[in-house]
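Data first, discussion second: the structure below is written as C-alpha coordinates.
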Amino acid sequence: MALYLLYESSSGYALFQAQGLDEIGQNTEAVRNSVADLNRFGKVVQLTAFQPFESAIDGLNQCNSVSEGLMTDELRSFLELNLPKVKEGKKSKFSLGVAEPKLGSHISETMKITCQSGEFVLELLRGVRLHFDKFIKDLKPGDLEKAQLGLAHSYSRAKVKFNVNRVDNMVIQAIFLLDTLDKDINSFSMRVREWYSWHFPELVKIVNDNYLYARVAKLIEDKSKLSEEHIPALTEILGDEDKAKETVEAGKASMGQDLTPVDLINIQLFAQRVMDLAEYRKNLYDYLVTKMNDIAPNLASLIGEVVGARLISHAGSLTNLAKCPSSTLQILGAEKALFRALKTRGNTPKYGLIFHSSFIGRASAKNKGRMARYLANKCSIASRIDCFAERGTTVFGEKLREQVEERLEFYDKGVAPRKNIDVMKSAIETTQNKDVEMEEAQPVEASAKKSKKKKSKSEDAPAEAANGDALEDAKSEKKKDKRKKEQGHGAEEMNGINGDVAEQDGTAKKKKKKSKDEVAAASETKKKRKSKE
(Lines give C-alpha, C1' and ligand atoms only; values in the text may rest on other atoms or scores of the structure.)
Protein backbone atom coordinates (compact mmCIF):
# COMPACT_ATOMS: atom_id res chain seq x y z
CA MET A 1 0.00 0.00 0.00
CA ALA A 2 1.38 3.39 -1.04
CA LEU A 3 2.01 5.94 1.67
CA TYR A 4 1.51 9.67 1.25
CA LEU A 5 2.59 12.25 3.80
CA LEU A 6 0.70 15.52 4.48
CA TYR A 7 2.96 18.24 5.85
CA GLU A 8 1.50 21.54 7.06
CA SER A 9 4.24 24.13 6.83
CA SER A 10 4.10 27.81 7.67
CA SER A 11 4.04 28.69 3.96
CA GLY A 12 1.55 26.13 2.63
CA TYR A 13 0.43 22.51 2.33
CA ALA A 14 2.87 19.93 0.94
CA LEU A 15 2.16 16.33 -0.13
CA PHE A 16 4.98 13.75 -0.24
CA GLN A 17 5.02 10.17 -1.45
CA ALA A 18 7.11 7.56 0.39
CA GLN A 19 8.45 4.79 -1.88
CA GLY A 20 11.01 2.09 -1.20
CA LEU A 21 10.95 2.33 2.56
CA ASP A 22 13.23 -0.73 2.71
CA GLU A 23 16.21 1.51 2.01
CA ILE A 24 15.83 3.40 5.27
CA GLY A 25 14.17 0.65 7.29
CA GLN A 26 10.71 -0.46 8.25
CA ASN A 27 10.90 0.23 11.99
CA THR A 28 10.92 3.55 13.83
CA GLU A 29 14.50 3.29 15.10
CA ALA A 30 15.94 2.66 11.63
CA VAL A 31 14.03 5.61 10.18
CA ARG A 32 15.20 7.82 13.07
CA ASN A 33 18.83 6.98 12.31
CA SER A 34 18.58 7.50 8.55
CA VAL A 35 16.56 10.75 8.57
CA ALA A 36 19.65 12.93 8.95
CA ASP A 37 21.11 11.71 5.65
CA LEU A 38 19.43 13.71 2.86
CA ASN A 39 20.75 11.43 0.07
CA ARG A 40 19.08 8.34 1.52
CA PHE A 41 15.95 10.17 2.70
CA GLY A 42 15.51 12.04 -0.61
CA LYS A 43 15.39 8.78 -2.56
CA VAL A 44 12.55 7.47 -0.42
CA VAL A 45 10.44 10.59 0.18
CA GLN A 46 9.64 12.72 -2.86
CA LEU A 47 7.57 15.89 -3.23
CA THR A 48 4.27 15.34 -5.05
CA ALA A 49 2.53 18.74 -4.75
CA PHE A 50 2.81 22.03 -2.88
CA GLN A 51 0.13 24.68 -2.44
CA PRO A 52 1.22 27.96 -0.79
CA PHE A 53 -1.12 30.00 1.34
CA GLU A 54 -2.69 33.04 -0.31
CA SER A 55 -1.84 35.45 2.53
CA ALA A 56 -0.79 35.62 6.17
CA ILE A 57 -4.43 35.74 7.28
CA ASP A 58 -5.18 32.63 5.23
CA GLY A 59 -2.20 30.89 6.81
CA LEU A 60 -3.46 31.80 10.29
CA ASN A 61 -6.94 30.46 9.52
CA GLN A 62 -5.49 27.21 8.16
CA CYS A 63 -3.25 26.85 11.23
CA ASN A 64 -6.22 27.37 13.58
CA SER A 65 -8.25 24.76 11.70
CA VAL A 66 -5.42 22.20 11.79
CA SER A 67 -4.86 22.75 15.52
CA GLU A 68 -8.56 22.12 16.14
CA GLY A 69 -8.53 18.99 13.95
CA LEU A 70 -10.73 20.40 11.16
CA MET A 71 -10.23 20.03 7.43
CA THR A 72 -10.77 23.23 5.49
CA ASP A 73 -12.12 23.51 1.94
CA GLU A 74 -8.68 24.47 0.62
CA LEU A 75 -7.10 21.37 2.16
CA ARG A 76 -9.85 19.14 0.79
CA SER A 77 -9.49 20.48 -2.74
CA PHE A 78 -5.69 20.10 -2.45
CA LEU A 79 -6.01 16.44 -1.44
CA GLU A 80 -8.65 15.68 -4.07
CA LEU A 81 -6.48 17.11 -6.83
CA ASN A 82 -3.23 15.37 -5.91
CA LEU A 83 -4.23 12.06 -4.33
CA PRO A 84 -5.37 9.04 -6.40
CA LYS A 85 -9.13 8.91 -6.73
CA VAL A 86 -11.03 6.34 -4.68
CA LYS A 87 -13.97 4.57 -6.29
CA GLU A 88 -17.24 4.59 -4.42
CA GLY A 89 -17.82 1.58 -2.24
CA LYS A 90 -14.17 0.50 -2.35
CA LYS A 91 -11.28 1.01 0.02
CA SER A 92 -8.40 3.24 -0.90
CA LYS A 93 -5.22 1.53 -2.14
CA PHE A 94 -3.07 4.06 -0.32
CA SER A 95 -2.84 5.62 3.12
CA LEU A 96 -2.22 9.21 4.22
CA GLY A 97 0.17 9.99 7.04
CA VAL A 98 -0.72 13.05 9.16
CA ALA A 99 0.77 14.55 12.30
CA GLU A 100 -2.56 15.39 13.99
CA PRO A 101 -4.74 12.33 14.86
CA LYS A 102 -7.90 14.51 15.06
CA LEU A 103 -7.26 15.87 11.59
CA GLY A 104 -6.68 12.33 10.30
CA SER A 105 -9.98 11.09 11.72
CA HIS A 106 -11.81 14.03 10.15
CA ILE A 107 -10.20 13.38 6.75
CA SER A 108 -11.03 9.66 6.92
CA GLU A 109 -14.66 10.37 7.84
CA THR A 110 -15.11 12.98 5.12
CA MET A 111 -13.06 11.59 2.20
CA LYS A 112 -13.01 7.85 3.09
CA ILE A 113 -9.18 7.81 3.05
CA THR A 114 -7.17 5.64 5.43
CA CYS A 115 -5.02 7.87 7.66
CA GLN A 116 -2.03 7.03 9.83
CA SER A 117 -0.49 9.00 12.68
CA GLY A 118 1.85 6.58 14.44
CA GLU A 119 5.47 6.97 15.48
CA PHE A 120 6.71 5.71 12.09
CA VAL A 121 4.78 8.45 10.27
CA LEU A 122 5.91 11.07 12.79
CA GLU A 123 9.57 10.17 12.16
CA LEU A 124 9.07 10.51 8.41
CA LEU A 125 7.40 13.91 8.92
CA ARG A 126 10.31 14.93 11.14
CA GLY A 127 12.65 14.22 8.24
CA VAL A 128 10.40 16.23 5.91
CA ARG A 129 10.49 19.15 8.35
CA LEU A 130 14.27 18.88 8.58
CA HIS A 131 14.87 18.94 4.81
CA PHE A 132 11.79 20.89 3.71
CA ASP A 133 13.76 23.84 2.32
CA LYS A 134 15.67 21.39 0.08
CA PHE A 135 12.48 19.94 -1.42
CA ILE A 136 11.05 23.36 -2.42
CA LYS A 137 13.42 24.74 -5.05
CA ASP A 138 12.04 28.27 -5.39
CA LEU A 139 12.42 29.10 -1.67
CA LYS A 140 15.05 31.72 -0.91
CA PRO A 141 17.24 31.39 2.18
CA GLY A 142 15.48 32.90 5.16
CA ASP A 143 11.97 32.88 3.64
CA LEU A 144 10.86 29.82 5.58
CA GLU A 145 12.16 31.21 8.89
CA LYS A 146 10.34 34.51 8.30
CA ALA A 147 7.10 32.70 7.51
CA GLN A 148 7.44 30.54 10.63
CA LEU A 149 8.13 33.56 12.84
CA GLY A 150 5.24 35.61 11.45
CA LEU A 151 2.76 32.74 11.71
CA ALA A 152 3.90 31.93 15.25
CA HIS A 153 3.40 35.55 16.35
CA SER A 154 -0.03 35.76 14.70
CA TYR A 155 -1.14 32.45 16.18
CA SER A 156 0.01 33.39 19.69
CA ARG A 157 -1.57 36.85 19.42
CA ALA A 158 -4.88 35.34 18.32
CA LYS A 159 -4.86 32.89 21.23
CA VAL A 160 -4.15 35.67 23.72
CA LYS A 161 -6.98 37.80 22.31
CA PHE A 162 -9.39 34.87 22.22
CA ASN A 163 -11.27 35.87 25.38
CA VAL A 164 -10.96 39.64 25.10
CA ASN A 165 -14.50 40.33 26.35
CA ARG A 166 -14.31 37.96 29.31
CA VAL A 167 -10.85 38.50 30.66
CA ASP A 168 -10.75 36.33 33.77
CA ASN A 169 -7.01 37.01 34.10
CA MET A 170 -7.88 40.39 35.62
CA VAL A 171 -9.98 38.67 38.29
CA ILE A 172 -7.15 36.26 39.10
CA GLN A 173 -4.65 39.09 39.51
CA ALA A 174 -7.12 41.18 41.54
CA ILE A 175 -7.93 38.42 44.04
CA PHE A 176 -4.21 37.63 44.47
CA LEU A 177 -3.50 41.30 45.15
CA LEU A 178 -6.49 41.56 47.49
CA ASP A 179 -5.25 38.66 49.62
CA THR A 180 -1.74 40.13 49.67
CA LEU A 181 -3.09 43.55 50.70
CA ASP A 182 -5.11 42.00 53.51
CA LYS A 183 -1.97 40.41 54.96
CA ASP A 184 0.14 43.52 54.48
CA ILE A 185 -2.44 45.93 55.93
CA ASN A 186 -2.93 43.65 58.92
CA SER A 187 0.81 43.45 59.65
CA PHE A 188 1.36 47.19 59.07
CA SER A 189 -1.60 48.09 61.30
CA MET A 190 -0.19 45.96 64.08
CA ARG A 191 3.13 47.75 63.64
CA VAL A 192 1.35 51.15 63.94
CA ARG A 193 -0.40 49.98 67.10
CA GLU A 194 2.79 48.75 68.66
CA TRP A 195 4.77 51.82 67.65
CA TYR A 196 2.21 54.42 68.80
CA SER A 197 1.43 52.46 71.99
CA TRP A 198 4.78 53.54 73.41
CA HIS A 199 3.37 57.06 73.39
CA PHE A 200 -0.36 56.44 73.97
CA PRO A 201 -0.97 52.86 75.24
CA GLU A 202 -4.57 53.45 76.38
CA LEU A 203 -5.76 54.09 72.81
CA VAL A 204 -5.49 50.39 71.87
CA LYS A 205 -8.34 49.41 74.20
CA ILE A 206 -10.55 52.29 73.10
CA VAL A 207 -10.19 51.88 69.30
CA ASN A 208 -10.27 48.28 68.05
CA ASP A 209 -10.43 48.81 64.27
CA ASN A 210 -7.02 49.03 62.57
CA TYR A 211 -8.04 51.65 60.00
CA LEU A 212 -9.71 53.87 62.60
CA TYR A 213 -6.70 53.50 64.90
CA ALA A 214 -4.38 54.78 62.16
CA ARG A 215 -6.71 57.75 61.50
CA VAL A 216 -6.93 58.62 65.21
CA ALA A 217 -3.15 58.36 65.62
CA LYS A 218 -2.71 60.62 62.61
CA LEU A 219 -5.12 63.16 64.14
CA ILE A 220 -3.85 63.18 67.71
CA GLU A 221 -0.09 63.25 67.03
CA ASP A 222 1.06 64.38 70.49
CA LYS A 223 -1.20 63.23 73.36
CA SER A 224 -0.19 66.20 75.53
CA LYS A 225 -1.95 68.53 73.07
CA LEU A 226 -5.28 66.70 73.35
CA SER A 227 -8.14 68.93 74.48
CA GLU A 228 -11.88 69.25 74.19
CA GLU A 229 -11.41 71.01 70.87
CA HIS A 230 -10.47 67.62 69.35
CA ILE A 231 -13.78 66.00 70.38
CA PRO A 232 -15.76 66.95 67.19
CA ALA A 233 -12.97 65.66 64.92
CA LEU A 234 -12.64 62.45 66.96
CA THR A 235 -16.41 61.99 66.92
CA GLU A 236 -16.41 62.29 63.14
CA ILE A 237 -13.76 59.56 62.86
CA LEU A 238 -15.03 57.17 65.54
CA GLY A 239 -18.73 57.81 65.06
CA ASP A 240 -19.30 57.89 68.83
CA GLU A 241 -19.04 60.97 71.04
CA ASP A 242 -18.53 58.89 74.21
CA LYS A 243 -15.47 57.22 72.72
CA ALA A 244 -14.14 60.62 71.65
CA LYS A 245 -14.50 61.98 75.20
CA GLU A 246 -12.94 58.82 76.62
CA THR A 247 -9.97 59.25 74.27
CA VAL A 248 -9.44 62.85 75.40
CA GLU A 249 -9.63 61.87 79.08
CA ALA A 250 -7.26 58.95 78.56
CA GLY A 251 -4.80 61.26 76.82
CA LYS A 252 -4.72 63.57 79.80
CA ALA A 253 -3.95 60.73 82.22
CA SER A 254 -1.85 58.57 79.89
CA MET A 255 1.11 56.57 81.23
CA GLY A 256 2.96 56.53 77.90
CA GLN A 257 6.37 58.05 77.38
CA ASP A 258 7.02 61.24 75.47
CA LEU A 259 8.42 61.07 71.93
CA THR A 260 10.60 63.45 70.02
CA PRO A 261 9.08 65.41 67.11
CA VAL A 262 11.06 63.31 64.62
CA ASP A 263 9.61 60.08 66.03
CA LEU A 264 6.09 61.50 65.88
CA ILE A 265 6.60 62.59 62.27
CA ASN A 266 7.70 59.08 61.28
CA ILE A 267 4.70 57.55 63.05
CA GLN A 268 2.35 59.96 61.23
CA LEU A 269 3.89 59.12 57.86
CA PHE A 270 3.59 55.40 58.46
CA ALA A 271 -0.02 55.78 59.64
CA GLN A 272 -0.79 57.74 56.45
CA ARG A 273 0.69 54.92 54.34
CA VAL A 274 -1.51 52.39 56.14
CA MET A 275 -4.57 54.58 55.51
CA ASP A 276 -3.69 54.85 51.81
CA LEU A 277 -3.32 51.08 51.54
CA ALA A 278 -6.70 50.58 53.23
CA GLU A 279 -8.34 53.03 50.80
CA TYR A 280 -6.73 51.27 47.84
CA ARG A 281 -7.96 47.94 49.18
CA LYS A 282 -11.55 49.26 49.17
CA ASN A 283 -11.20 50.48 45.59
CA LEU A 284 -9.70 47.15 44.53
CA TYR A 285 -12.61 45.29 46.11
CA ASP A 286 -15.09 47.45 44.18
CA TYR A 287 -13.15 46.72 40.98
CA LEU A 288 -13.27 42.98 41.73
CA VAL A 289 -17.03 43.11 42.29
CA THR A 290 -17.64 44.85 38.95
CA LYS A 291 -15.35 42.45 37.06
CA MET A 292 -17.01 39.40 38.62
CA ASN A 293 -20.43 40.74 37.68
CA ASP A 294 -19.20 41.06 34.10
CA ILE A 295 -17.36 37.73 33.83
CA ALA A 296 -19.26 35.34 36.12
CA PRO A 297 -22.52 37.02 37.23
CA ASN A 298 -24.31 33.78 38.15
CA LEU A 299 -21.41 32.44 40.22
CA ALA A 300 -21.05 35.80 41.97
CA SER A 301 -24.76 36.02 42.81
CA LEU A 302 -24.74 32.42 44.08
CA ILE A 303 -21.64 32.24 46.27
CA GLY A 304 -20.32 35.81 46.42
CA GLU A 305 -17.72 37.75 44.47
CA VAL A 306 -14.69 36.96 46.66
CA VAL A 307 -15.28 33.21 46.98
CA GLY A 308 -16.13 32.96 43.28
CA ALA A 309 -12.96 34.83 42.35
CA ARG A 310 -10.90 32.51 44.57
CA LEU A 311 -12.40 29.47 42.84
CA ILE A 312 -11.58 30.90 39.39
CA SER A 313 -8.07 31.80 40.52
CA HIS A 314 -7.40 28.35 41.97
CA ALA A 315 -8.74 26.58 38.87
CA GLY A 316 -6.67 28.81 36.57
CA SER A 317 -9.52 30.24 34.51
CA LEU A 318 -13.29 30.24 34.25
CA THR A 319 -13.10 27.62 31.49
CA ASN A 320 -11.06 25.27 33.69
CA LEU A 321 -13.52 25.79 36.53
CA ALA A 322 -16.42 24.98 34.20
CA LYS A 323 -14.67 21.75 33.14
CA CYS A 324 -14.29 20.61 36.76
CA PRO A 325 -16.93 18.20 38.07
CA SER A 326 -18.76 19.20 41.22
CA SER A 327 -16.80 16.65 43.29
CA THR A 328 -13.53 18.35 42.30
CA LEU A 329 -14.98 21.83 42.88
CA GLN A 330 -16.10 20.78 46.36
CA ILE A 331 -12.55 20.08 47.59
CA LEU A 332 -10.84 22.73 45.46
CA GLY A 333 -8.25 24.32 47.73
CA ALA A 334 -7.90 21.31 50.06
CA GLU A 335 -5.55 19.23 47.91
CA LYS A 336 -2.97 18.73 50.66
CA ALA A 337 -5.58 17.42 53.07
CA LEU A 338 -7.00 15.16 50.36
CA PHE A 339 -3.68 13.53 49.46
CA ARG A 340 -2.70 13.26 53.11
CA ALA A 341 -5.98 11.46 53.79
CA LEU A 342 -5.43 9.15 50.82
CA LYS A 343 -1.89 8.42 51.98
CA THR A 344 -2.85 7.72 55.59
CA ARG A 345 -6.21 6.16 54.64
CA GLY A 346 -8.04 8.68 56.77
CA ASN A 347 -11.18 10.69 56.19
CA THR A 348 -11.12 12.85 53.08
CA PRO A 349 -11.96 16.58 53.40
CA LYS A 350 -15.55 17.62 52.87
CA TYR A 351 -14.92 21.14 51.56
CA GLY A 352 -12.19 23.43 50.34
CA LEU A 353 -12.55 27.08 49.32
CA ILE A 354 -16.36 26.93 49.41
CA PHE A 355 -16.11 26.65 53.21
CA HIS A 356 -15.85 30.46 53.23
CA SER A 357 -19.39 30.69 51.86
CA SER A 358 -22.08 31.73 54.31
CA PHE A 359 -24.18 28.66 53.47
CA ILE A 360 -21.63 26.27 54.99
CA GLY A 361 -21.46 28.35 58.17
CA ARG A 362 -25.24 28.45 58.51
CA ALA A 363 -25.59 24.67 58.21
CA SER A 364 -25.43 22.50 61.29
CA ALA A 365 -22.35 20.40 62.05
CA LYS A 366 -23.86 17.14 60.80
CA ASN A 367 -25.14 18.76 57.59
CA LYS A 368 -22.02 20.70 56.59
CA GLY A 369 -20.76 17.93 54.30
CA ARG A 370 -24.13 17.50 52.59
CA MET A 371 -24.45 21.26 52.22
CA ALA A 372 -20.97 21.51 50.72
CA ARG A 373 -21.76 18.79 48.18
CA TYR A 374 -25.04 20.46 47.19
CA LEU A 375 -23.43 23.91 46.97
CA ALA A 376 -20.58 22.55 44.82
CA ASN A 377 -23.16 21.08 42.46
CA LYS A 378 -24.88 24.44 42.04
CA CYS A 379 -21.55 26.27 41.66
CA SER A 380 -20.57 23.89 38.87
CA ILE A 381 -23.83 24.64 37.04
CA ALA A 382 -23.42 28.40 37.51
CA SER A 383 -19.81 28.39 36.27
CA ARG A 384 -20.78 26.46 33.12
CA ILE A 385 -23.61 28.86 32.39
CA ASP A 386 -21.26 31.84 32.83
CA CYS A 387 -18.57 30.27 30.66
CA PHE A 388 -20.66 29.16 27.70
CA ALA A 389 -23.67 31.51 27.73
CA GLU A 390 -23.70 34.20 25.05
CA ARG A 391 -25.38 36.83 27.24
CA GLY A 392 -24.54 37.55 30.85
CA THR A 393 -27.45 37.35 33.26
CA THR A 394 -27.91 36.80 36.98
CA VAL A 395 -31.26 34.99 36.72
CA PHE A 396 -29.80 31.49 36.96
CA GLY A 397 -27.54 32.43 39.86
CA GLU A 398 -30.45 33.91 41.80
CA LYS A 399 -32.58 30.81 41.17
CA LEU A 400 -29.72 28.53 42.24
CA ARG A 401 -29.28 30.61 45.40
CA GLU A 402 -32.98 30.17 46.15
CA GLN A 403 -32.50 26.41 45.77
CA VAL A 404 -29.63 26.43 48.27
CA GLU A 405 -31.76 28.41 50.72
CA GLU A 406 -34.58 25.88 50.29
CA ARG A 407 -32.12 23.04 50.89
CA LEU A 408 -31.02 24.70 54.15
CA GLU A 409 -34.65 24.93 55.26
CA PHE A 410 -35.13 21.30 54.30
CA TYR A 411 -32.21 20.25 56.50
CA ASP A 412 -33.40 22.41 59.43
CA LYS A 413 -37.22 22.27 59.25
CA GLY A 414 -37.97 19.48 56.77
CA VAL A 415 -39.71 21.73 54.21
CA ALA A 416 -39.63 19.97 50.82
CA PRO A 417 -37.68 22.01 48.22
CA ARG A 418 -38.70 22.52 44.62
CA LYS A 419 -37.45 20.23 41.88
CA ASN A 420 -34.46 21.34 39.87
CA ILE A 421 -36.25 21.04 36.50
CA ASP A 422 -39.04 23.36 37.65
CA VAL A 423 -36.57 25.99 38.87
CA MET A 424 -34.59 25.86 35.61
CA LYS A 425 -37.76 26.14 33.53
CA SER A 426 -38.81 29.25 35.46
CA ALA A 427 -35.31 30.71 35.02
CA ILE A 428 -35.40 30.09 31.27
CA GLU A 429 -38.86 31.66 31.04
CA THR A 430 -37.72 34.77 32.89
CA THR A 431 -34.66 35.12 30.64
CA GLN A 432 -36.81 34.72 27.54
CA ASN A 433 -39.25 37.31 28.85
CA LYS A 434 -36.38 39.71 29.51
CA ASP A 435 -35.06 39.16 25.99
CA VAL A 436 -38.51 39.84 24.56
CA GLU A 437 -38.82 42.98 26.68
CA MET A 438 -35.40 44.14 25.54
CA GLU A 439 -36.30 43.51 21.90
CA GLU A 440 -39.60 45.34 22.34
CA ALA A 441 -37.95 48.19 24.20
CA GLN A 442 -35.61 49.01 21.31
CA PRO A 443 -38.36 49.65 18.69
CA VAL A 444 -40.46 51.36 21.37
CA GLU A 445 -37.59 53.74 22.06
CA ALA A 446 -37.18 54.34 18.34
CA SER A 447 -40.93 54.90 17.93
CA ALA A 448 -40.91 57.14 21.01
CA LYS A 449 -38.18 59.23 19.42
CA LYS A 450 -40.16 59.39 16.19
CA SER A 451 -43.35 60.24 18.06
CA LYS A 452 -41.48 62.95 19.92
CA LYS A 453 -40.31 64.35 16.62
CA LYS A 454 -43.84 64.09 15.22
CA LYS A 455 -45.25 65.70 18.37
CA SER A 456 -42.74 68.49 18.15
CA LYS A 457 -43.64 68.93 14.51
CA SER A 458 -47.36 68.74 15.27
CA GLU A 459 -46.90 71.18 18.15
CA ASP A 460 -44.98 73.47 15.87
CA ALA A 461 -47.62 73.11 13.14
CA PRO A 462 -50.59 74.47 15.16
CA ALA A 463 -48.33 77.14 16.56
CA GLU A 464 -47.30 78.01 13.05
CA ALA A 465 -50.93 77.75 11.97
CA ALA A 466 -52.00 79.97 14.85
CA ASN A 467 -49.24 82.36 14.00
CA GLY A 468 -50.28 82.17 10.35
CA ASP A 469 -53.91 82.79 11.26
CA ALA A 470 -52.86 85.70 13.44
CA LEU A 471 -50.76 87.05 10.59
CA GLU A 472 -53.60 86.51 8.15
CA ASP A 473 -56.01 88.19 10.57
CA ALA A 474 -53.61 91.06 10.98
CA LYS A 475 -53.23 91.26 7.22
CA SER A 476 -57.01 91.14 6.74
CA GLU A 477 -57.44 93.81 9.41
CA LYS A 478 -54.79 95.90 7.68
CA LYS A 479 -56.58 95.37 4.38
CA LYS A 480 -59.89 96.35 5.99
CA ASP A 481 -58.24 99.43 7.49
CA LYS A 482 -56.79 100.23 4.11
CA ARG A 483 -60.17 99.71 2.49
CA LYS A 484 -61.86 101.88 5.14
CA LYS A 485 -59.18 104.49 4.72
CA GLU A 486 -59.51 104.27 0.96
CA GLN A 487 -63.29 104.49 1.30
CA GLY A 488 -62.87 107.41 3.72
CA HIS A 489 -60.43 109.07 1.34
CA GLY A 490 -62.81 108.30 -1.50
CA ALA A 491 -65.75 109.79 0.39
CA GLU A 492 -63.71 112.81 1.31
CA GLU A 493 -62.62 113.15 -2.29
CA MET A 494 -66.20 112.75 -3.42
CA ASN A 495 -67.28 115.26 -0.82
CA GLY A 496 -64.51 117.51 -1.97
CA ILE A 497 -65.55 117.11 -5.55
CA ASN A 498 -69.19 117.72 -4.68
CA GLY A 499 -68.13 120.73 -2.63
CA ASP A 500 -66.11 122.04 -5.53
CA VAL A 501 -69.04 121.49 -7.84
CA ALA A 502 -71.36 123.24 -5.38
CA GLU A 503 -68.90 126.05 -5.00
CA GLN A 504 -68.64 126.26 -8.78
CA ASP A 505 -72.46 126.28 -9.03
CA GLY A 506 -72.64 128.94 -6.31
CA THR A 507 -70.04 131.09 -8.07
CA ALA A 508 -71.91 130.60 -11.34
CA LYS A 509 -75.17 131.68 -9.70
CA LYS A 510 -73.45 134.65 -8.12
CA LYS A 511 -71.95 135.55 -11.46
CA LYS A 512 -75.37 135.31 -13.03
CA LYS A 513 -76.88 137.52 -10.29
CA LYS A 514 -74.02 139.94 -10.70
CA SER A 515 -74.48 140.07 -14.42
CA LYS A 516 -78.24 140.79 -14.04
CA ASP A 517 -77.60 143.59 -11.54
CA GLU A 518 -74.95 145.05 -13.79
CA VAL A 519 -77.37 144.99 -16.75
CA ALA A 520 -80.12 146.68 -14.66
CA ALA A 521 -77.67 149.38 -13.46
CA ALA A 522 -76.46 149.99 -16.97
CA SER A 523 -80.01 150.37 -18.24
CA GLU A 524 -80.83 152.86 -15.44
CA THR A 525 -77.75 154.95 -16.24
CA LYS A 526 -78.76 155.07 -19.88
CA LYS A 527 -82.29 156.21 -18.96
CA LYS A 528 -80.90 159.00 -16.76
CA ARG A 529 -78.62 160.23 -19.55
CA LYS A 530 -81.53 160.33 -22.01
CA SER A 531 -83.75 162.24 -19.55
CA LYS A 532 -81.00 164.85 -19.02
CA GLU A 533 -80.59 165.34 -22.63
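The values are calculated or read from the model by the stated rules, or taken from the named source; none is laboratory data. Because the structure is predicted, anything quoted here is derived from the model rather than measured. Don't worry about glycine lacking a Cβ; one is built from the backbone with ideal geometry, like all the others, and counts go over all protein chains shown. To get the accessible areas, we keep the full protein, side chains included, count just its heavy atoms, and leave off ligands, DNA and RNA. Shrake-Rupley method; radii C 1.70, N 1.55, O 1.52, S 1.80 Å.
Extension gain, D73-D240: 0.36 nm per intervening residue step, less the Cα-Cα distance, totals 52.6 nm.
Centre-to-centre, using Cα atoms only, the range 118-192 and the range 275-325 are separated by 25 Å. Taking a sphere under 14 Å around the Cβ of Y411 and counting the other residues whose Cβ falls inside, with K and R at +1 and D and E at -1, yields a net charge of +3. Annotation: amide H-H contacts under 5 Å for T114 (H modelled 1.01 Å from N, sequence separation of 5 or more, or interchain): S92, L96.
Geometric descriptor of the range 170-284, per residue, is 94 Å³ (volume of the convex hull of the Cα atoms). With protein chains left intact and a 1.4 Å probe, residues in the range 106-199 average 64 Å² of accessible area per residue.
Take the alpha carbon gyration tensor of the range 72-155, find the square roots of its eigenvalues, order them as a ≥ b ≥ c, and report rounded if a/c is under 1.5; if not, report prolate when a/b exceeds b/c, else oblate. Prolate, because a/c is 1.5 or more and a/b exceeds b/c. Between Y280 and D184, full extension at 0.36 nm per residue minus the direct alpha carbon distance yields a gain of 33.3 nm.
For the range 207-213, 3J(HN,Hα) computed residue by residue from phi via the Karplus equation (6.51, -1.76, 1.60; θ = phi - 60°) reads 10, 8, 6, 5, 5, 5, 4 Hz, glycine and proline entered as x.
Where does the charge balance sit around G308 when Lys and Arg score +1, Asp and Glu -1, over other residues with C-beta under 11 Å from its C-beta? Value of the local net charge: -1. With contacts taken as Cα pairs under 8 Å at a separation of at least 6 residues, the range 2-160 carries a relative contact order of 28 percent. Residue by residue, the range 287-303 carries 3J(HN,Hα) couplings of 4, 5, 5, 5, 5, 5, 5, 7, 8, 10, x, 5, 5, 5, 6, 7, 10 Hz when phi is fed to the Karplus relation 6.51 cos²θ - 1.76 cosθ + 1.60 (θ = phi - 60°); x denotes Gly or Pro. Extension gain, A253 to Y287, is 7.8 nm, computed as 0.36 nm per intervening residue step minus the present C-alpha separation. For the range 49-70, backbone nitrogen atoms closer than 17 Å to the point 7 Å from L149 Cα along Cα-to-C-beta are found at 56.
Converting phi to 3J(HN,Hα) with the Karplus coefficients 6.51, -1.76 and 1.60 and the offset θ = phi - 60°, the range 320-325 yields 5, 5, 5, 6, 6, x Hz in sequence order, with x at every glycine or proline.
Rounded to the nearest 0.05, the FRET efficiency derived from the C-beta distance between D209 and R340 at R0 = 35 Å is 0.40. Calculated accessible area for the range 296-433 comes out at 52 Å² per residue, all protein chains present (probe 1.4 Å; ligands, DNA, RNA ignored). Report note on the peptides 115-127, 345-357: ranked by the mean count of other C-beta atoms within 10 Å, highest first, their order is 115-127, 345-357. Averaging the sequence gap over all C-alpha pairs within less than 8 Å and six or more residues apart, then dividing by the number of residues, gives the range 109-262 a relative contact order of 18 percent.
With a threshold of 18 Å on the Cα-Cα distance, the over-threshold entries among K350/K378; K43/K137; K291/K323; K323/K425; K368/K413 are K291/K323; K323/K425. Here the simple spin-label model places points 7 Å from the Cα toward Cβ, and for R157 and N61 these points are separated by 1.8 nm. In terms of packing, defined here as the mean over residues of other Cβ atoms within 10 angstrom, the peptides 289-302, 211-224, 236-249 line up highest first as 289-302, 211-224, 236-249. Measuring from a point 7 Å past the Cα of R418 along Cα-to-C-beta, which residues in the range 375-404 have an amide N at less than 15 Å? Counting only backbone N, you get 395-404. Near K140, once Lys and Arg are set to +1 and Asp and Glu to -1 for all other residues with Cβ below 12 Å from its Cβ, the sum equals -2. Only protein atoms count toward the accessible area here, which uses a 1.4 Å probe; on the range 170-284, the carbon and sulfur part of that area reaches 54 percent.
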